[in-house]
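See below for the structure under consideration.
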Amino acid sequence: MAGFILVIVGLFVPLVGLVGLVLSIVGYRQAKREGLSTGLSLAGIIIGAIATILGTIILLIILGATVSSTSSSSMIQLLSLWA
């Protein structure tokens, strides 16, 4: 149940979704071993996996667009702000 809730929250906060995915997997294994219902755990796994994949794709697109739109001197200035 906690994994499913975290996956839903993770739709808006990416790292929380990853934690929810892991908890959903653990919950699914425990529920299956004890013969309990696995519905929420399975839903958490499916939603968490889709959200993680889409979040990664969106992040890569944003990073690619940012890197391609900045010139090398702008990139050096940007990196110097982090140091």
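No lab work stands behind these numbers, since they all come straight from the coordinates. Since the structure is predicted, the reported quantities are computational estimates derived from the model, not experimental observations. In this analysis, Cβ positions are derived from the backbone assuming ideal geometry, glycine residues included, and neighbour counts consider all displayed protein chains.
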Q) With all pairs of different alpha carbon atoms counted, what Kirkwood hydrodynamic radius in Å does region 1-54 show? A) 10.3
Q. Highest mean first, what order results for 45-57, 18-30 on Cβ atoms within 10 Å?
A. 18-30, 45-57
Q. Among residues other than SER41 whose Cβ falls under 11 Å from its Cβ, what is the net charge (Lys/Arg +1, Asp/Glu -1)?
A. +2
